[in-house]
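The values are calculated or read from the model by the stated rules, or taken from the named source; none is laboratory data. Since the structure is predicted, the reported quantities are computational estimates derived from the model, not experimental observations. So basically every Cβ, Gly included, is an ideal-geometry build from the backbone, and we count neighbours across all protein chains shown.
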Amino acid sequence: MTSRRGGIATTVVAFAIIVIAVVAMTGILAIAIPNPNGLAVYGEMCSFTYGPPATYLYLGSRCGTPNHPVSMPTTFNLITIAHNQTGNITTLQEAYFGIFLRSGQAIRVSEDSGVPAEFRVYLYNQTGLDTSDLVNEVAHHAYPVIDDSGSTSDNGCVLASHNEWYLFVLSVDQVRPVATATFDIQLTQANQLNLANLCGFGVAF
């Protein structure tokens with residue numbers, strides 16, 4: 001028994017050294033390993049900028065890649081308007097959030113945008129996910145399960161039937177008025193039978 005434990009310890013140390021070396025060479029550890037001990041919600045924001053109202057000329061976009069969990073609830077701007085020498089500059093933000101759920105885990109999810117928005121939910125039924133590029137994962141690897149457009153708020157629950165990632169996207173199409181959104185995910189104790197009573201929904205939104 002002692003020699004087996006020693007072999008396992010040696011394997012763990014060797015794996016840790018490999019991981020440290022990879023991180024040292026690349027600067028990142030892009031593929032997230034799900035944390036079994038608690039709630040870890042990854043987030044990414046994309047900004048789309050437009051010129052003065054006369055034309056709303058598209059000026060470009062960029063997405064952030066923090067690659068670390070964000071605290072819940074979180075509040076952010078969906079629409080901001082700033083003034084410069086040429087007139088008002090409008091920025092629309094698109095928010096991406098990802099959480100890994102183990103089979104049988106349940107979460108309560110809510111968003112309040114204050115303006116009509118598009119709220120989408122995607123499923124990624126594998127354990128590894130590139131949390132530094134949620135935009136790409138949504139576009140090419142996840143598949144949609146919910147698309148709710150035109151609502152100012154959404155509330156619901158998800159009960160995972162397998163070990164899988166859920167991705168949430170909140171965006172707006174309009175360029176006015178200024179709008180702030182709040183997004184929240186919380187773990188809850190639920191099962192197939194009592195989930196509807198807890199949240200007023202079925203196994204999803």
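Please identify the pairs in which a residue from the range 151-164 that is assigned by TED's automatic domain parsing to the domain that holds ALA181 has its Cβ atom under 9 Å from the Cβ atom of a residue that is hydroxyl-bearing (Ser, Thr, Tyr) and loosely packed, with under 14 Cβ neighbours inside 10 Å, counting only partners at least 6 apart or on another chain.
Pairs that qualify, where the first residue is assigned by TED's automatic domain parsing to the domain that holds ALA181 and the partner is hydroxyl-bearing (Ser, Thr, Tyr) and loosely packed, with under 14 Cβ neighbours inside 10 Å, are ALA160/SER103; SER161/SER103; HIS162/SER103; ASN163/SER103; GLU164/SER103.
Kindly indicate the residue of the range 105-117 that is part of a strand (DSSP E or B) and either β-branched (Val, Ile, Thr) or under 23 Å from ASP130 (Cα atoms) (or both) and also farthest from the chain's Cα centre (by Cα) among those meeting that condition.
Here the residue is VAL115.
Here is a check on your reading of the model: is TYR122 in the same structural domain as PHE48 (by TED's automatic domain parsing), in contact (Cβ under 8 Å) with a residue 60 or more places away in the chain and crowded, with 18+ Cβ neighbours inside 10 Å?
Considered against the rule, which asks whether it is in the same structural domain as PHE48 (by TED's automatic domain parsing), in contact (Cβ under 8 Å) with a residue 60 or more places away in the chain and crowded, with 18+ Cβ neighbours inside 10 Å, TYR122 comes out as no.
Determine which single condition THR127 fails, assuming it passes every other condition in (1) among the β-branched types (Val, Ile, Thr); (2) over 30 Å from ALA82 (Cα atoms); (3) at pLDDT 90 or above.
Among (1) among the β-branched types (Val, Ile, Thr); (2) over 30 Å from ALA82 (Cα atoms); (3) at pLDDT 90 or above, the lone unmet condition for THR127 is (3).
Is it the case that the range 73-85 has a residue that's in contact with a Leu (Cβ under 9 Å, 6 or more places away or on another chain), modelled with pLDDT under 80 and surrounded by 15 or more Cβ atoms within 10 Å (Cβ to Cβ)?
Checked against the condition, which is being in contact with a Leu (Cβ under 9 Å, 6 or more places away or on another chain), modelled with pLDDT under 80 and surrounded by 15 or more Cβ atoms within 10 Å (Cβ to Cβ), the range 73-85 yields no hits at all.
For the range 86-104: of the residues being exposed (fewer than 15 other Cβ atoms within 10 Å of the Cβ) and of a type outside the set (S, T, N, Q), which is farthest from THR131 (Cα to Cα)?
So the residue we want is GLY87.
Please go through (1) over 28 Å from GLY156 (Cβ atoms); (2) aliphatic (A, V, I, L, M); (3) touching a residue at least 40 places away in the same chain (Cβ under 8 Å) for LEU101 and return the number of the only condition it doesn't satisfy.
Unmet for LEU101, out of (1) over 28 Å from GLY156 (Cβ atoms); (2) aliphatic (A, V, I, L, M); (3) touching a residue at least 40 places away in the same chain (Cβ under 8 Å): (1).
I'd like the full set of residues that are under 20 Å from THR75 (Cα atoms) and among the charged types (D, E, K, R), limited to the range 110-131.
GLU111, ASP112, GLU118, ARG120
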